[in-house]
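Below is one structure, written out as structure tokens; comments come after it.
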Amino acid sequence: MRLPKDARWLQIAFLASFLTLGLTARDFPLWHAPLIFAACLGTQLACEKLLKLKPAGLLSPLITSFGLTLLLRAGVWWVPVVAGVLAIGSKFVLRIRGRHFFNPANFGLCCVMLLTPRAWCSPTQWGEGAILLLWILALGCAVAHRAFRSDVSLAFLGSWILLRAARVLYLGQRAPVLIHQLAQGSLLLFTFFMISDPKTTPRDRASRIGFAAIVACVAFELQLRFVQNPIVWALFICAPLTPLFDLLTEEKAPCALPQSLLSPSP
Amino acid sequence: MRTAPILALAVALSAASPARAFCGFFVGKADGKLFNKSSQVAIVRDGDRTVITMGNDFQGEMTEFALVVPVPTVLSREQIHVGERKLLERLDAYSAPRLVEYHDGDPCAVYPYAAMKMGVMRSMPVAASPPKEMAKALGVTVEAEYTVGEYDIVLLSANQSDGLEAWLRESGYKIPAHASKALAPYIRQQMKFFVAKVNIKEQRKSGYQALRPIQIAFESPRFMLPIRLGMANADGPQDMIVYAITRNGRVESSNYQTVKMPSDVELPEFVQHQFGNFYKSAFAKAWNDHGRHAILTEYVWNMGFCDPCAAPPLEQEELKQLGVFWLEGSYHGGGMPLTLTRLHVRYDAEHFPEDLAFQETGDQGTFQGRYILRHPFRGEMTCAAAGNYRQELDRRRREEAKTLASLTGWDMARIHAGMGRDAPVDQPDPWWKKLWQ
């Protein structure tokens, strides 16, 4: 079987199956999906037109839309709209040295959760059995296809599992506790579709791995403080480190810089 | 087809569902298996402020009752209270899954307008510490001791689980095997232990036959219930009803899937006499269908109103007794800043390896476990519409039987036997039978 040339198609296919699985689980809302997709795609097109940029295609805002649909829950209709607009808008507005640094879906999600208590994230809505299957599928894809084989994903996952395992051991808990903690849909989405975004992680490989480890440590600390959705918040907090890493490693890799200066899309 | 709702009957269910131990474990001072038959807990929470009301239906000898609950801090005397049993009973009656019934109108009668009035609602309520030196030697510190109502309460901190287990044993509590393993994670998290037993003298003085719920108030960023301890002496899944009372919206678990019970479905009439059995089976099936890992939501509503009301909403004074501290003034004819979420947790060691963690969501929608009976018109029908009505009735009964089977897993023979004469005929008329009539 031939796989599509643009790896993002594979990601979209995976996210779509994730969404389908969610729909078969009980209580998975879908009313907000059209609003998110319309807001994301509309904002992308509007920003390109306003800033007179060459159209970068809609695959990237589609991935953002899927991410938000899967993670964001809302009690009022305007929350998904605002989340979509902020997510895509951040790519065009919040830029340092020609590069955006917030993962769009992460930015949209965190902003609306900060704005109103009517926005939240339900990390366990898929149920555990289904998520274990998806982990296997995602890791299988990681072996088989480069779209999933991101060093930052694996570095984050490794660090996170290590930290969680250490905690479980320290507390004298059993192995099923660790497995239970890893069977969260939001962790899977975050690992393969959020922190893996090459546009919002440092360019230098060692920096990317360091960045992933820092995100895992911050998330771990937040979890110890009983913050809900710690990994999502950790990426939001750590996002400004990306331009900092890039600045520090710029001299090492001067050629990599101009590549995305003119490209505002992720 | 016209349906006029005339009477809605609400049946609360806690008596129907087997329930045993609350988040702490109940231990005996003498041999003999002890279980607390049902456990209900109310958590009032806003910000970090938390008030927990722990109810139980302890059936054994009062001297054998003991409760061990990990708490985040040492509680002062004022943070502990003994509440009234009726508070949890009221919450139960208000939020329990309900059976509502409607009566079909006469298909031959002509109604001037379609009246959809809600009928009368009626609810059926369901159902001596060892010396301090020894404690010190075991690495256990008795942080505080109080007598509150009919309970003697000790707050302990411990360095190691073995020491705590030994202290509890020395103090006469019959600790289940592996208790220290269950205690260890709480000690590592610097949690304290709230240990209560019945002060027989005070209990007799109080005049109460059954034990009243213990209430504790504290501030903590943890929004959780420690269920792991309760598994230490369990020989199977245990049930717990959690009433979460929050300001903004529905509460769900943040580490276990939380789903709503299947609801708003029409069932055969005979379910009226077997509602308890029906709900037990429906709950068990829903729980099994979600891999036994999920928590079932049975009710979510703003406490300012209900529709239909299985029992009147709690009065502000009752809410205050439960620990709701943020209500000011009075609320009439609409919502109040208070959402009640009723969660039914059936847990065992295998499927619930971690304590329950919760989060308050921004969901202000309403939900109730509501099951509908539609009684057919049984009077004399002479008009032409009667034929259609009978046919429609047969189709409806067929659907109701299918719904009941899918919800409970009961086999069709059992359902048809329950339906008796109302059971749908085996073979419906073929589609062409009335084609040229």
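Tabulated results
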item: Local net charge near A:ILE179, Cβ-Cβ under 11 Å (Lys/Arg +1, Asp/Glu -1); result: 0
item: The stretch B:378-383 - phi-based ³J(HN,Hα) in whole Hz, Karplus 6.51/-1.76/1.60, Gly and Pro as x; result: 10, x, 6, 10, 10, 7
item: Among A:ALA216, A:GLY84, A:PHE28 the positive-end extreme of the charge dipole of chain A (Cβ point charges); result: A:GLY84
item: Alpha-carbon centroid distance for the pair the stretch A:98-124 / the stretch B:360-437, whole angstrom; result: 47
item: Computed FRET value (nearest 0.05) for B:ARG421 with B:LYS280, which takes r as the C-beta separation and R₀ as 22 Å; result: 0.25
item: Candidate aspartates and glutamates - alpha carbon under 14 Å from A:LYS199, same-chain residues fewer than 8 apart omitted; result: A:ASP151, A:ASP246
item: Cβ-placed point charges (K, R +1; D, E -1), dipole of chain A about Cα centre in debye, nearest 20; result: 320
item: Whether the stretch B:208-334 is rounded, prolate or oblate, judged on the alpha carbon gyration tensor where a/c under 1.5 counts as rounded; result: oblate
item: Rounded, prolate or oblate (a/c below 1.5 giving rounded, otherwise prolate when a/b exceeds b/c) for the stretch B:48-114 by Cα gyration tensor; result: prolate
item: Bins of 10 Å from zero: percent of alpha-carbon pairs in the protein assembly as shown; result: 3, 13, 21, 21, 18, 14, 7, 2, 0, 0
item: For A:GLU48, net neighbour charge (Lys/Arg +1, Asp/Glu -1) across residues whose Cβ lies under 11 Å away; result: +4
item: Average Cα contact separation per residue, chain A, under 8 Å, 6 or more apart, as relative contact order %; result: 21
item: Subset of B:LYS181/B:LYS201; A:LYS52/A:LYS91; B:LYS192/B:LYS285 violating a 26 Å alpha-carbon distance limit; result: B:LYS181/B:LYS201; B:LYS192/B:LYS285
item: Global form of the stretch A:130-250, assessed from the alpha-carbon gyration tensor, a/c cut-off 1.5; result: oblate
item: Share of pairwise Cα separations in chain A, more than 34 Å, in percent; result: 14
item: For residues of A:213-226, the mean tally of beta carbons on other chains within 10 Å; result: 1
item: Relative contact order of the stretch A:7-123, pairs being alpha-carbon contacts under 8 Å that are 6 or more residues apart, as %; result: 27
item: Contour excess over end-to-end distance, with Cα ends at B:TRP432 and B:TYR208 and 0.36 nm allotted per residue; result: 73.7 nm
item: FRET efficiency, B:LYS201 to B:ARG77 (Cβ-Cβ, R0 22 Å, nearest 0.05); result: 0.75
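Where a number appears in this text, it was derived from the coordinates with a stated rule and is not lab data. Remember, it's a predicted structure, so these values are computed and weren't measured experimentally. Every residue, glycine among them, receives a Cβ derived from its backbone with ideal geometry; neighbour counts consider all protein chains shown.
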